[in-house]
Every structure is written in C-alpha cells, then in structure tokens.
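Colleague: After the structure tokens below, expect a handful of questions from me.
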Amino acid sequence: MLDDRSCYQAVLAKDARFDGVFFVGVSSTGIYCRPVCPARTPARARCRFFRSAAEAEAHGFRACLRCRPERAPGQAPMDAAAALGVQAWRRIEAGALDEGSVEALSRGLGVTSRHLRRVVESAGGASPLALAQSYRLARARALVQDTGLPLVDVAHASGFRSLRRFQAAFRARFDAAPGQLRRGARRSASASARLDYRPPLAWDALLDFLAARAIDGVEAVDGGVYRRTVLLGRHSGWLSVRPRPGRAALELTVSEGLVPVLPEVASRVRRLLDLDARPDVVDRALGGHPSLAPLVRARPGLRVPGAFDGFELAAALLLGSPARAAVLARRLGPAVALAPEPLRYAFPPE
C-alpha cells in the first residue's frame, strides 16, 4: 500500500531508491513521471501515486517525455504472491498476451485466471490486458526513440497486428504521433538503450563474476565492458554493456540484427545483471547481521547475477557445479561449436 506522504517526500528529494517503486501522476498536466524526474516538483494537491506505469495509464495519465517511465527499474519479488506476479509480468512483457489469452497464461503458470488477475492487479494496480498494452507501447516507444527502425517494423516488433492500430494506440497514449517522437533517428549498424538502476551498483564485482563464468566464443569481459553474442529467434548479433558516466545507468548497445528485438534484449540484460534490485532494502537487511555488516559497508550495491538465457543456465548446471566456474566455461565452449546453427559473432574476436 502506498503512503502518499512518504511518496511525496521521495518526489521532493528525487530519491533514486524509489525509482520504479511508484509513479506520480500530475492532475494539472495529465502526465505521470518517475520520482526522479528532473522537472519541477508539482504541488502536493496535484499529485496522485501509482504502483505501476500501467496503473497510471489506466487512470488516463500519459507518460512523461522527459524522464521516460519505461526506463525505470522494475520490482524484485519479495514473497510467493509477488513472485507469481513478477513471473506473470515477465511473460506478459515478453508478449504472452500479444497472441494468447489470459486463460492460457494462467494455465501455463498453474493457477486459475481469476487468481492470476487478482495477483497482477494487487501487485501493479492494473489488469493483465492493461499491463500487456502498457508493455506493447513501452516497447514501441523505445524502438521509435532509440532506433531508426521503420514504423511498420516497430509495430510488428511491439506486438501490434497492424500499423493502423499501432499508430492509433500510440497517439492515444502519448498524445503524439510516432514520427513526432522520433527526432530524426536513422538506421545504423547499431542501436543503444539506457538501462537505469537504483544506486549503488557494484559494477566491478558484477564483471568479476561474469568474467569467471564467460563462455568461450560467446561472452567476453574487457576494459570494464561486458560483451556477448545473441540469438533470439531469427535475430542474431552482438551486444555490449558499459556504465554511463555521471548517471545511475548502463549503456546497452546492440548490432543492427538485434535492433528489432532491442526491448527483449534489454529485459534479458536487466535480469542478468539484477538491475531491478533494491540495494537499500538488501543492504539494510544484511547490514543488521554482525558478521555481514562489515562486508556490506565494504562493497555496497552487490547484486545477484541471473542468466541471459535459461538454456545456458540449465546447461551449466548439468555440466558441473557452479562453484567450478572456470571449468564450466571451458566445457561450454566446445559445446557451442557443436551447435547446428554456427555463431556469426564470437567473443573475443579471432
């Protein structure tokens, strides 16, 4: 449950700890923002607070063009109900409702559709269908503003069945045509996206973890940058991730072949790097233990890395103990070479 007074104090302070935890709608403008939005803070009487971007949109608010709410860090599950909600959200984000139904999604999660609706609405204040539309438009906006992809391709990559429906939904949500937000973006050999997180982030510790487990020919860590090759459906290419100086954000760059699936790549990278974590909550919990407190103070912002691809994680677990990271990386390298579809990109390059 949101506490309006605490939320407004966070907005006044532009407190990054609450970025993505809630969103603020401004009644005088009809726009909703992140708590860290650089715009002038509105009067308290004009503010309404929402648990998710989808909930704000369901109440008729449009996303801020300045702070871009779709870039906000997500929520990490805290209990069983929240874990189910996040699992459902992730499947919806990946397009489960672009073609399928809520009933099919609930069967896949092993719950009733009624229970699924209740959990999703409790977590984010919006129905599964409203959440799906919010994600479609967030994907579309990212592709419109961050790439030079033709609009018809943007529509299909975002989950819309026709260009007409895409343009109508886009204009209704953002009060602007896609071309007005494009700002002259052109097609190029790569595209970039900003991945915001809640500071602090122990980036060097993350890189050390990934470097020790890098799969030969697939991943590489060098000069403070993580790189890997990617195959998503019929799309293939490479990506790189590095810090953005002076911001609580990372810079994700993908090759031209991955531009149509940039939002999906960004979502997977967020999970790999645990960018939706709340380090203030984690550090406060661990810092209360007398043995852990010195370690927390020494390395604040540690994350729990995930996996870019579930199959890679399963293969690693089958091939040996996760503690033998270097051995696993060497074992997976030859396995990659045996794949029926050869890699078009390899790291490090030969």
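The values are calculated or read from the model by the stated rules, or taken from the named source; none is laboratory data. From a predicted model like this one, the values you see are computed outputs, not experimental measurements. Here the Cβ positions follow ideal geometry from the backbone for every residue, glycine too, while neighbour counts run over all protein chains shown.
Colleague: If you check every pair at least six apart or on different chains, which have Cβ atoms under 6 Å apart with a residue in region 293-311 that is surrounded by 13 or more Cβ atoms within 10 Å (Cβ to Cβ) first and a residue that is basic (Lys, Arg) and not in a loop (DSSP other than H, G, I, E, B) second?
Modeller: Sorted first by the residue in region 293-311, then by its partner, the pairs are Gly306/Arg271; Phe308/Arg268.
Colleague: Specify the residue that is nearest to the chain's Cα centre (by Cα); the eligible residues are those in region 202-214 that are modelled with pLDDT under 90 and surrounded by fewer than 21 Cβ atoms within 10 Å (Cβ to Cβ). Let's see the steps before the verdict.
Modeller: Filtering region 202-214 for residues modelled with pLDDT under 90 gives 212-214.
Subsequent filtering for residues that are surrounded by fewer than 21 Cβ atoms within 10 Å (Cβ to Cβ) retains 212-213.
Details: Ala212: 24, Arg213: 22 Å.
Residue satisfying both the conditions and the ranking: Arg213.
Colleague: Quick one: how many residues across region 229-249 are closer than 18 Å to Asp204 by Cβ and either within 19 Å of the chain's Cα centre (by Cα) or surrounded by 18 or more Cβ atoms within 10 Å (Cβ to Cβ) (or both)? Write out each step before concluding.
Modeller: Residues of region 229-249 that are closer than 18 Å to Asp204 by Cβ, as a first pass: 240-249.
After this cut, where a residue has to be either within 19 Å of the chain's Cα centre (by Cα) or surrounded by 18 or more Cβ atoms within 10 Å (Cβ to Cβ) (or both) as well, the list is 240-244, 247-249.
The qualifying residues number 8.
Colleague: Among the candidates Ala211, Ala176, which residue alone is among the small types (Gly, Ala, Ser) and outside any loop (DSSP other than H, G, I, E, B)? Even if it seems obvious, please write down each step before you answer.
Modeller: Numbers: Ala176 fails: outside any loop (DSSP other than H, G, I, E, B).
Just one listed residue meets the conditions, Ala211.
Colleague: If the requirement is being modelled with pLDDT under 95, over 30 Å from Arg278 (Cβ atoms) and assigned by TED's automatic domain parsing to the domain that holds Leu131, which of these qualifies: Phe174, Phe160? Talk me through it step by step, then tell me what you get.
Modeller: Details: Phe174 fails: over 30 Å from Arg278 (Cβ atoms).
None of the other options fit; the residue is Phe160.
Colleague: Given the criterion at pLDDT 95 or above and not assigned by TED's automatic domain parsing to the domain that holds Cys37, identify the matching residue among Gly233, Gly224, Gly217, Gly257. Before the answer, list the steps.
Modeller: Values: Gly233 fails: at pLDDT 95 or above; Gly217 fails: at pLDDT 95 or above; Gly257 fails: at pLDDT 95 or above.
Of the residues listed, the single one that is at pLDDT 95 or above and not assigned by TED's automatic domain parsing to the domain that holds Cys37 is Gly224.
Colleague: If you don't mind, another one. Can you find a residue in region 273-285 that is among the aliphatic types (A, V, I, L, M) and assigned to a strand (DSSP E or B)? If you could, list the steps in order and put the result at the bottom.
Modeller: Our first condition is that a residue be among the aliphatic types (A, V, I, L, M); within region 273-285, this holds for 273, 275, 277, 281-282, 285.
Narrowing the set further to residues that are assigned to a strand (DSSP E or B) leaves none.
No: zero hits.
Colleague: I've got another one for you. Taking helices (runs of 4 or more DSSP H) that fall entirely within region 1-120, which contain at least 3 residues that are crowded, with 22+ Cβ neighbours inside 10 Å?
Modeller: On the way: elements: 4-13, 53-58, 80-93, 96-99, 102-109.
Hits in region 1-120: 53-58, 80-93.
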